[in-house]
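The values are calculated or read from the model by the stated rules, or taken from the named source; none is laboratory data. Everything numeric in this text was worked out from a predicted model, so none of it was measured. Note: ideal-geometry Cβ built from the backbone for every residue, glycine included; neighbour counts use all protein chains shown.
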Amino acid sequence: MTFRVGQKVVCVDASGTVTRGGIEIPDAGELEVDRIYTVSWVGVSPISDKPAIHLKEVSARYATSHLPDWPRIPFRAERFRPVVERKTDISIFTKMLTNKRVNA
């Protein structure tokens, strides 16, 4: 799944940590399942070499001596899905009201 900066996503997995080479790195912080977030960065995780994102609403920084160039570990993209925005169409309801008035 590909994300873009500015896109709204919803968290589907707020689990705790990622382990790589026996090293546990915090990977959840402030995440909440079903909460909507905004993507602020898209790239590859230095931990898993998989697609990853940063979130505008999560400011937590995960400093680690194992990754001094990455003071903020990104979240795995697979833990999110895009928010599907649907335009509201009330025409069916206005039609129901119109029919009621005609028949009354």
Listed residues Val39, Val5; which is surrounded by 13 or more Cβ atoms within 10 Å (Cβ to Cβ), touching a strand residue (DSSP E or B) at 6+ places or on another chain (Cβ under 8 Å) and either among the hydrophobic types (A, V, I, L, M, F, W, C) or modelled with pLDDT of 85 or more (or both)? Val39
Of the residues in segment 50-104, those that are in contact with a Gly (Cβ under 7 Å, 6 or more places away or on another chain) and modelled with pLDDT of 65 or more number 3
Give the residues of segment 72-87 that are over 8 Å from the mean Cα position of the chain (by Cα) and not in a loop (DSSP other than H, G, I, E, B), sorted by residue number. Phe75, Arg76, Glu78
Selection count, segment 74-91, where residues are closer than 19 Å to Asp34 by Cα and either of a type in the set (Gly, Ala, Ser) or in contact (Cβ under 8 Å) with a residue 40 or more places away in the chain (or both): 10
